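Down below is the structure, laid out as structure tokens.
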Amino acid sequence: MRALPPVAALAAALLLTACSQQACTDIGCGPEVVVDVRELTAGLAGEQVSTTLCVDGLCETRVLTPDEGQLFGSLPAGTQQTAADGATVQVELSVTRDGIPVLDATTDATLARFQPNGPTCAPVCLQTSLVLTDGELLPA
């Protein structure tokens, strides 16, 4: 039996390798913490409120309008790389209207592993979703 020329052997090896790999899309991680606040915005009737969403001490403040239904928070730097599936983060939501506090809610939220491009493709994301219900932050 004759050996394949080096170029043919290389081409065959590349084809076999390509067939065994899954093609991955290039979707990145979205917001790490999502809080459904439709309960809050439903009662605004044209008003605006100031919200502060903190995740393990990393806080983001913004004005929330009646047509918005979700707040998005980020994990502190390094958490995405070091935390494991099932790790918890502390989530705090404070709401003020005209400078007067109207809501303070805190919970420990469990992070879940999510791979938007498939189980063998990067990135690996950690996310959690909560819903504001009767003034409390609950798992969505």
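Results, tabulated for the structure shown:
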| item | result |
| --- | --- |
| Tally of residues being assigned to a loop (DSSP other than H, G, I, E, B), exposed (fewer than 14 other Cβ atoms within 10 Å of the Cβ) and in contact with a strand residue (DSSP E or B) (Cβ under 9 Å, 6 or more places away or on another chain) across region 31-47 | 1 |
| Of all residues making up region 76-96, the number that are surrounded by fewer than 16 Cβ atoms within 10 Å (Cβ to Cβ), touching a residue at least 24 places away in the same chain (Cβ under 8 Å) and hydroxyl-bearing (Ser, Thr, Tyr) | 1 |
| So GLN21, is it within 14 Å of the chain's Cα centre (by Cα), over 30 Å from GLY135 (Cβ atoms), at pLDDT below 85 and not acidic (Asp, Glu) | no |
| Looking only at region 49-69, and only at residues there that are among the polar types (S, T, N, Q) and surrounded by 15 or more Cβ atoms within 10 Å (Cβ to Cβ), the one that is nearest to LEU111 (Cα to Cα) | THR52 |
| Top-ranked residue of region 25-54 - restricted to ones that are within 24 Å of ASN117 (Cβ to Cβ) and modelled with pLDDT of 90 or more, ranked as nearest to the chain's Cα centre (by Cα) | GLU32 |
| Scope region 76-95; condition farther than 19 Å from CYS59 by Cα and charged (D, E, K, R); matching residues | ASP85 |
| Of all residues in region 102-128 being exposed (fewer than 15 other Cβ atoms within 10 Å of the Cβ) and at pLDDT 95 or above, the one that is nearest to ALA42 (Cα to Cα) | ASP104 |
| Any strands (runs of 3 or more DSSP E) falling wholly within region 75-140 and containing at least 2 residues that are of a type in the set (Ser, Thr, Tyr) | 88-97, 100-110, 125-133 |
| Candidate set from region 99-127 (those that are of a type in the set (Val, Ile, Thr) and touching a residue at least 40 places away in the same chain (Cβ under 8 Å)); member that is nearest to THR88 (Cα to Cα) | THR120 |
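The values are calculated or read from the model by the stated rules, or taken from the named source; none is laboratory data. On a predicted model such as this, the values are computed, not experimentally measured, just so you know. Here the Cβ is made from the backbone with ideal geometry for all residues, glycine too, and neighbour counts use every protein chain on show.
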